[in-house]
Amino acid sequence: MIVITNPFFVEDEIHILHSLLEEGLSLLHIRKPDFSELKMAQFIHHIKLEFRANLVLHHHHQLAEDFGIERFHFSEKVRKSLNDLPAKFSKPCRSKSTSTHSIEDFNSLENFDYAFLSPVFKSISKENYHPKIDFFEAIKSRTNHKTKMIGLGGIDSENIHEVLEKGFDDVALLGSIWKNENPLKQFKLCQQIALSYSQSQV
């Protein structure tokens, strides 16, 4: 399961992030589009060293080497401007992820370990951001099975089982965590449901 940071200020954010990671959060996407390079460096500096392998950088990839981060996310816009990341991309990289908003775009991906496909449901964190198509129908025409498909957008403990059951490989949480009075409780609930689903498939 993936959690994406709130793009805006969150009270006691580092403490919450540590709690999530200590509870077994596998990947934390750091998405702070308004952060300067200095502010991003300060933010990462406050995250414990033991969790650096769980971090995924959305911005200021040049900081990765200094902090021992080997996971990068590329927005749809950046990916397309780089022509699906040519081989000349030389930074130390354990995994690359990106964002997509159509099954056609997802199917065309190469050289990405996983990709967000969104929004699956009406967004919790963004006003007036909702799916224009039924993604559960759309993903029936999936042809790209090398890239893991991650559902994003409006996913919470009420619908996470449906997302996994209908074909997504995993989920990413944003609004359901940061719009919740108890982010850790909501995460653990989602984690438990996802784990139960995973065990039922074995």
Count of segment 97-115 residues which are surrounded by 13 or more Cβ atoms within 10 Å (Cβ to Cβ) and touching a helix residue (DSSP H, G or I) at 6+ places or on another chain (Cβ under 9 Å): 12
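When the residues of segment 24-41 are filtered to those that are touching a residue at least 60 places away in the same chain (Cβ under 8 Å) and not aliphatic (A, V, I, L, M), which remaining residue is surrounded by the fewest Cβ atoms within 10 Å (Cβ to Cβ)? Working first, answer last.
So in segment 24-41, the residues touching a residue at least 60 places away in the same chain (Cβ under 8 Å) come out as 24-25, 29.
Cutting the leftovers down to not aliphatic (A, V, I, L, M) gives us 24, 29.
Details: Gly24: 12, His29: 20.
Here the residue is Gly24.
Scan Lys48, Lys39, Lys96, Lys80 and give me the residue that is more than 14 Å from the chain's Cα centre (by Cα) and modelled with pLDDT under 95.
Among Lys48, Lys39, Lys96, Lys80, only Lys80 is more than 14 Å from the chain's Cα centre (by Cα) and modelled with pLDDT under 95.
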Cβ pairs under 6 Å, 6+ apart, first in segment 1-14 and surrounded by fewer than 16 Cβ atoms within 10 Å (Cβ to Cβ), second assigned to a loop (DSSP other than H, G, I, E, B): Ile14/His46
Residue among Leu49, Leu21 that alone is over 30 Å from Asp105 (Cα atoms) and buried (at least 19 other Cβ atoms within 10 Å of the Cβ): Leu21
Segment 116-139, subset in contact with a helix residue (DSSP H, G or I) (Cβ under 9 Å, 6 or more places away or on another chain) and surrounded by fewer than 17 Cβ atoms within 10 Å (Cβ to Cβ), residue modelled with the lowest pLDDT: Lys126
Residue count, segment 140-152 (criterion: part of a strand (DSSP E or B) and either buried (at least 19 other Cβ atoms within 10 Å of the Cβ) or without any contact (Cβ under 8 Å) to a residue 12 or more places away in the chain (or both)): 3
Single condition Phe112 does not satisfy, out of (1) farther than 26 Å from Ile69 by Cα; (2) at pLDDT below 95: (1)
Only listed residue being in contact with a Cys (Cβ under 9 Å, 6 or more places away or on another chain), among the aliphatic types (A, V, I, L, M) and outside any helix (DSSP H, G or I), chosen from Ile155, Ile133: Ile155
Hey, Asn144 modelled with pLDDT of 95 or more and either over 17 Å from the mean Cα position of the chain (by Cα) or within 27 Å of Leu109 (Cα to Cα) (or both) or not: yes
Candidate set: segment 164-202, residues that are outside any loop (DSSP other than H, G, I, E, B) and of a type in the set (Gly, Ala, Ser); chosen: the one nearest to Ala138 (Cα to Cα): Ala172
Residues within segment 1-53 that are out of contact with any His (no Cβ under 8 Å at 6 or more places or on another chain), among the hydroxyl-bearing types (Ser, Thr, Tyr) and under 19 Å from Phe74 (Cα atoms), tallied: 2
Selection from segment 155-202 of residues that are polar (S, T, N, Q) and either touching a residue at least 40 places away in the same chain (Cβ under 8 Å) or surrounded by fewer than 15 Cβ atoms within 10 Å (Cβ to Cβ) (or both): Ser176, Asn182, Gln191, Gln192, Ser196, Ser198, Gln199, Ser200, Gln201
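The values are calculated or read from the model by the stated rules, or taken from the named source; none is laboratory data. Everything quoted here is computed from the prediction, not taken from an experiment. Cβ atoms come from the backbone with ideal geometry, glycine included; neighbour counts cover every protein chain shown.
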